Amino acid sequence: MPLSSMIQEMKVEIGAISRRGMLRSRSHGPGRVRRVAAVGPDEALRQRQSCWTQLPPELLREVLASVEEANEGWWPRRRDVVACAGVCRSWRAVVKEIVRTPEVSGKLTFPISLKQPGPRDAPLKCFIRRDRTTQTYYLYIGLTDALADDGKFLLSAHKYRRPACTEYIISLDTCGASMANGTYIGKLRSNFLGTKFTVYDAHPPCTEPVVSKGRCADMIGSAHASPRVPAGNYPVSHISYELNVLGSRGPRRMHCVMDSIPVSAIEEGGTAPTQMELPSSKYNSFRSVPLFRSKSARVNSSASSLSTSNENKIVLKNKSPRWHEHLQCWCLNFQGRVTVASVKNFQLVASDENDPTNQESDDMILQFGKIGKDLFTMDYRYPISAFQAFAICLSSFDTKIACE
């Protein structure tokens with residue numbers, strides 16, 4: 001039997017059993033209905049079980065490991081792995097143990113993969129579609145080696161303009177963040193000039209985070225917050241663009257401080273903080289995160305950090321381009337992933353601010369560039385996640401006064 005047919009059969013069978021509660025049968029007399037008494041808790045549990053949930057643990061692990069090995073490729077083949085995780089709790093637990101993080105496997109499987117560091121060996125190739133009408137940006141992972149294809153949807157961001165700032169609300173849903181389904185996972189906020197940005201995560205990126213102060217902090221202990229993971233805004237990155245008031249020629253100059261990633265993560269044997277699961281959807285963190293706050297709240301938020309000084313955080317800077325005399329333009333080698341010249345194009349590399357020479361690394365961590373009117377490529381790798389890379393790229397779309 002094909003694997004897809006077997007998985008479909010499992011889901012149908014378990015769904016039918018779960019819907020089986022109280023039975024009704026018609027008696028011989030017309031219009032009379034006889035109800036069967038509800039079964040006890042033990043009997044109900046036994047009825048919900050099936051041959052798929054009663055597999056021996058060793059056999060179950062072997063079967064699911066075979067499914068994982070048979071789906072080493074890109075989406076949509078990874079859907080079989082996700083389908084197995086949706087059969088029942090025991091299957092889900094085994095699949096979560098078998099599926100490795102993107103840092104090791106180089107694949108995005110579950111939503112939590114978007115919060116985990118990318119692969120070390122080669123970047124994950126994604127692209128962003130911009131909808132000018134709705135001010136929405138969609139992140140996809142490519143299904144082929146082409147610059148852009150149908151893609152697998154990953155994240156969306158909706159732009160909100162305010163008198164003193166601009167915010168991009170990042171969500172797991174194509175329709176945007178919703179208070180009902182708990183799809184909000186973070187946001188990007190700019191200052192008035194559009195030269196400084198802060199990336200906020202809805203969930204703590206490490207063990208002892210510092211929550212941004214403001215109205216959201218007052219609601220941390222409320223009934224709306226998860227008792228396991230406090231809801232709030234956790235600053236994970238600060239992005240700044242150098243002013244260019246003299247109008248000198250050249251691309252924008254970016255400076256990103258990754259608050260949640262220690263500099264030891266890119267050293268030999270180092271590791272980056274990795275979230276292992278998202279809070280349950282029934283704990284809605286979106287309610288306790290105000291989209292727009294007062295000026296004093298924003299000042300307190302920008303002053304908070306994740307408990308370490310800047311010397312212990314990874315700093316990313318855009319790679320310096322070279323001037324091409326023949327083409328009369330600034331050039332960077334995007335390895336064929338960018339086809340349209342734009343001031344938005346950039347490559348980020350790690351920079352050691354403690355080094356007197358301020359020497360740039362040759363290892364590209366994030367690459368963003370234009371390939372169409374509203375189409376852009378985004379390639380990222382360890383130690384940043386897809387969520388962090390997407391937020392950094394969103395900052396390039398915002399209007400920047402005195403930076404061009």
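The values are calculated or read from the model by the stated rules, or taken from the named source; none is laboratory data. These numbers come from a predicted model, not from an experiment. Note: ideal-geometry Cβ built from the backbone for every residue, glycine included; neighbour counts use all protein chains shown. Accessible surface is based on the protein model in full, side chains and every heavy atom, while ligands, DNA and RNA are left aside. Shrake-Rupley method; radii C 1.70, N 1.55, O 1.52, S 1.80 Å.
Annotations
- Test: Trp330 is at pLDDT below 90, outside any loop (DSSP other than H, G, I, E, B), open to solvent by 80 Å² or more (accessible area, probe 1.4 Å) and farther than 27 Å from Thr274 by Cβ: yes
- One residue stands out in the stretch 311-327 among those that are assigned to a strand (DSSP E or B) and in contact with a Leu (Cβ under 9 Å, 6 or more places away or on another chain): the one that is most open to solvent (accessible area, probe 1.4 Å), namely Arg322.
- Here Ser156 meets the list (1) of a type in the set (S, T, N, Q); (2) open to solvent by 60 Å² or more (accessible area, probe 1.4 Å); (3) closer than 30 Å to Pro204 by Cβ almost entirely, failing just condition (2).
- Identity of the residue in the stretch 159-177, of a type in the set (Ser, Thr, Tyr) and over 16 Å from the mean Cα position of the chain (by Cα), that ends up surrounded by the most Cβ atoms within 10 Å (Cβ to Cβ): Thr166
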